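Here's the structure we're looking at; comments come further down.
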Amino acid sequence: MSSRRSFLEKSILTAAGLMTTSRVSSLPKIPPTTQPSALVISTWNFGIPANKAAMEVLQKGGSALDAVEAGVMIVEADPISTSVGLGGFPDAEGDVTLDASIMNHEGQCGAVACLQHTLHPISVARAVMERTSHVLLVGEKARDFAHDLGFPKTNLLTKTAKTAWKEWKSNNPKWRQYSTDISNHDTIGMLAIDQQGNLSGACTTSGWAFKVPGRVGDSPIIGAGLYVDNEVGAATATGTGEEVIKICGSFLIVELMRQGYSPEEACVEAIRRIKKRNPGKPELFVGFLAINKAGEHGAFATKDGFEYALFQHEENKLFQGRY
Ligand code: GLY
């Protein structure tokens, strides 16, 4: 281990008091290769089927961009997930509003925020990237854009989500913010490396359950919920988006990797900054995933319970994120 790396571990982990160095020394060391094998990593246990769909694209020689779009679409269309796409919990007025972003190896990106009635916001985000000169479209006009491109109008409010919203509403005065926790806040963020060694990422969510109408989280904000730099690496986030936005979380992690941090060290430092800004909030949840150009990955969260799925070397497995 280089003295620089050793210094970073000491300064980040020991001085910050977030965790012991023994946890870090037990991290799996993946030897960097000149050309990493195809890799897909994504947040939470729904990352397993999402990774599978993404890896099918990569194994056929498809691009990382096509892979991450195909991967997260699985979760967007799954009514069981209550925080992404169809079945996502609505805002305080009962409207399901979606945020999504996508970024490719050329640094091109697109996003949508507060988008309604659209099953695949990630594909609309990609259309913003590929068919306009803009990065972010929001609200009704984003829906008009999707409509013009032929994305069908879809009712995203499932019976389960409507029942949960009605129960919440009966117990909460208008505008009272529902406290976030892991059970209602599990965005899918996905990062991939293709057979050409190019990186891309995607991030999609229905956001904070029962949020103030109009609220937008980190997921569609390039540099917050998602960032890709093909020379360095990529990062994505899940959890309380407001805190991710405040530290430009994904951009920060990529820049730390550029300075020599490993993906895990960079995630640890981003979480350290969030925790420092939020003393006395043990319930606050944010989790980050990162990969570097060598195919190494890292994950770290503010608290326990964070899971992520990694598909690499023919295996698609669920891991517990460190905290
Ligand atoms: N991380 C997703 C959100 O806060 O909306």
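Since every read-out is calculated from the coordinates, none of them should be taken as a lab result. Keep in mind it's a predicted model, so treat the numbers as computed, not measured. No Cβ is skipped: glycine too gets one built from the backbone with ideal geometry, and neighbour counts run over all protein chains shown.
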Could you check, for the range 110-119, whether at least one of its residues is hydroxyl-bearing (S, T, Y) and more than 16 Å from the ligand (Cβ to nearest atom)?
-> yes
Output the residues belonging to the range 212-233 that are within 14 Å of the ligand (Cβ to nearest atom), buried (at least 24 other Cβ atoms within 10 Å of the Cβ) and farther than 15 Å from V135 by Cα.
-> G217
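Could you say which residue among R258, R215 is farther than 30 Å from N172 by Cα and among the basic types (K, R)? Even if it seems obvious, please write down each step before you answer.
Values: R215 fails: farther than 30 Å from N172 by Cα.
Just one listed residue meets the conditions, R258.
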Tell me, which strands (runs of 3 or more DSSP E) wholly within the range 75-157 include 1 or more residues that are surrounded by fewer than 24 Cβ atoms within 10 Å (Cβ to Cβ) and not acidic (D, E)?
-> 109-115, 136-138
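Do we have A209 as in contact (Cβ under 8 Å) with a residue 60 or more places away in the chain, buried (at least 22 other Cβ atoms within 10 Å of the Cβ), more than 12 Å from the chain's Cα centre (by Cα) and within 14 Å of the ligand (Cβ to nearest atom) here?
Numbers: in contact (Cβ under 8 Å) with a residue 60 or more places away in the chain: yes; buried (at least 22 other Cβ atoms within 10 Å of the Cβ): yes; more than 12 Å from the chain's Cα centre (by Cα): yes; within 14 Å of the ligand (Cβ to nearest atom): yes.
Criteria met by A209.
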Mind listing just one residue for me: the one in the range 185-205 that is among the small types (G, A, S) and not in a loop (DSSP other than H, G, I, E, B) and, of those, nearest to the ligand (Cβ to nearest atom)?
-> G189
